[in-house]
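The values are calculated or read from the model by the stated rules, or taken from the named source; none is laboratory data. Predicted, not measured: the structure shown is a model, and the values here were computed from it. Neighbour counts are summed over all protein chains in view; Cβ atoms, including those assigned to glycine, are modelled from backbone coordinates with ideal geometry. Accessible surface is based on the protein model in full, side chains and every heavy atom, while ligands, DNA and RNA are left aside. Shrake-Rupley method; radii C 1.70, N 1.55, O 1.52, S 1.80 Å.
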Amino acid sequence: MNPIERPRRLRRDGLRELVSETTLDASDLVTPVFVDATTDERVAIESMPGHERVPVEESVSRVEEVLETGVEAVMLFGIPESKDDRGSRAWAADGVVQEATRRITRETDATVITDVCLCEYTEHGHCGVLEDDAAADPRLTVKNDETLDLLGKIAVSHAEAGAEMVAPSGMMDGMVGAIRDALDDAGRADVPIMSYAAKYESAFYGPFRDAADGAPAFGDRRHYQMDPANAREAMREVSLDVEQGADVLLVKPALPYLDVIGAIRAEFDRPVAAYNVSGEYAMLHAAADRGWLDLRETALESLVSIKRAGADIIVTYFAEDIADALGR
Ligand code: PBG
C-alpha cells in the first residue's frame, strides 16, 4: 500500500525553505561584552575562543566590531578595578560598566543591556551581601532583602549612564520589584527590565566565571539559583517576576532547558529571552577543535533550536559568527 501522507514532498530544495517554521536573524541576537578596569589592553579569554576582556578605552571599538556583523545589541559585564565585601564599585557613577555604557551609547547606535549583579564586584564572589559567618557555615549565603537595595542602586546607575535595558541575574526574591521601584523613583520608568526569571545553578557557567572573575570564593550558588531538576518552580519564578513588572523573561542556560523555554512561551505573554551560556559555547569549540563537530553547523542548529523552543531573543557568544554567516 502507498503511504497516505508523504512529508518528504516538501523537503525538496526550493520547497523546504518555503515551509521552514523558524528563522534566525541577526536582530534577535545579543552579544556579551566584557569590560575590564584592571587592564589597558585586550586580553583573550582562553576558554571562550574569540572573546576578550577589553579596557574601557576599547569598549567603543569592540562594540563597533559587533555592529559590523549585523548584531545590534550588547550585554555588558564589568570587571572592576577593586572589590569589597558589598561590591560598592557595582553602583559607582564612574564604575567600569557605567563608563563603558556612557561611551558606547554616545558614540554608537548599539543597544546596551547591562548585567545587574554583584558577584563580579564582591571579594567573596557571591551575588549579594553575605550573612555573618557565611564563610564558615555552608548553610548560610546571601542576605536577600539587604541585597535588593543594592540591586536597585546598580540599576539606577546603569540607567543614568544610558543603558537601554537592565538585566538582573542574581535570583534574589523580589529583585524585579525592587529594581522597578528604584528606577521609577529615579525618573527612569522608561527603562525596561529583562529579568533572569529562571536561572539555574548550572555547571555550564564555568568559562564565564573565569572570564568575569566571578567564581564564589567559597560555597556555591545553590541557595539562590534554581535546582536543575525543577520546571514547575520555573513557572512560579516567572509569575512572580511578571507580577513585579518584568518586561522580558530570560531563561539560563538555554540548550539544557529548552522545555522551560517552551513552557514559558506557552504560558506567558511576554518576550522570552534565552542565554546560550559560556559552557554551551566552549563545548562546541572544544569538539570542533578536535575535528569531532562542525562548529558553524552545530552553532546554527543550537540557535535555531533555541528559537524553535520559543525564545525571541538569544544572548550568545556565537552572535557575531552566526550573524556573519547569515549575512552571506
Ligand atoms: C553572574 C552571571 C553569571 C553568568 C551571567 N551572569 C555567572 C554565574 O551566575 O555564576 C553566566 C554566563 C555564562 O556562563 O555565559 N550573575
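How far, in nm, would the chain grow between Ile4 and Asp184 when pulled straight, counting 0.36 nm per residue and subtracting the alpha carbon separation?
Additional length available on full extension: 58.8 nm.
Run the accessible area of the stretch 80-190 with a 1.4 Å probe and give the carbon-and-sulfur part as a rounded percent.
So the carbon and sulfur contribution to the accessible surface is 42 percent.
Round to the nearest 10 and give me the degree value, 0 to 90, for the angle of helix 59-68's Cα axis relative to the longest principal axis of the chain.
That helix lies at roughly 10 degrees to the long axis.
Assigning unit charges at the beta carbon (Lys, Arg +1; Asp, Glu -1) and nothing else, what dipole magnitude in debye, to the nearest 20, does the stretch 1-143 show about its Cα centre?
980 debye
Using a 10 Å Cβ count of at most 15 others and DSSP loop calls, identify the longest part of the chain lacking such chymotrypsin sites (Phe, Trp or Tyr not before Pro).
1-217
Exactly which trypsin sites (Lys or Arg not before Pro) in the stretch 137-229 are in a DSSP loop and have at most 13 other Cβ atoms within 10 Å?
Filter output for the stretch 137-229: Arg139, Arg222.
So what is the relative contact order for the stretch 21-326, in percent, with contacts set as C-alpha pairs under 8 Å and at least six apart?
Worked out over the stretch 21-326, it gives 19 percent.
Hey, how much of the P(r) for the stretch 21-326 falls beyond 28 Å, as a percent of Cα pairs?
Value for the stretch 21-326 (Cα pairs over 28 Å): 33 percent.
Consider just the alpha-carbon atoms of the stretch 179-328 and return their Rg together with their Dmax, both in angstrom.
In order Rg, Dmax, the Cα atoms of the stretch 179-328 give 16.6, 54 Å.
Taking the Cβ of Glu160 as the centre, find all other residues whose Cβ is under 11 Å away and add up their charges (Lys, Arg: +1; Asp, Glu: -1).
The answer is +3.
Compute the distance from the alpha-carbon center of the stretch 27-89 to that of the stretch 158-200, in whole Å.
Comparing the Cα centres of the stretch 27-89 and the stretch 158-200, I get a distance of 20 Å.
Which residue, Asp132, Asp36, Asp181, has the most motion in a Gaussian network model of the chain that connects Cα atoms within less than 10 Å?
Asp132
Would you mind classifying the stretch 1-40 by shape? Square roots of the alpha carbon gyration tensor eigenvalues, ordered a ≥ b ≥ c; an a/c under 1.5 is rounded, otherwise it is prolate if a/b is larger than b/c and oblate if not.
Since a/c reaches 1.5 and a/b is larger than b/c, the shape of the stretch 1-40 is classed as prolate.
With angles folded into 0 to 90 degrees, how steeply does helix 258-267 sit against the dominant principal axis of the chain? Use alpha carbons for both and round to 10.
90 degrees
What does the charge dipole of the chain about its Cα centre add up to, to the nearest 20 debye, if the Cβ of each Lys and Arg holds +1 and the Cβ of each Asp and Glu holds -1?
Dipole magnitude for the chain comes out near 1380 debye.
Give a residue-ordered list of calculated ³J(HN,Hα) values for the stretch 41-46 (Karplus: 6.51 cos²θ - 1.76 cosθ + 1.60, θ = phi - 60°; whole Hz; x for Gly, Pro).
Here the 3J(HN,Hα) series is 9, 5, 10, 5, 9, 4 Hz.
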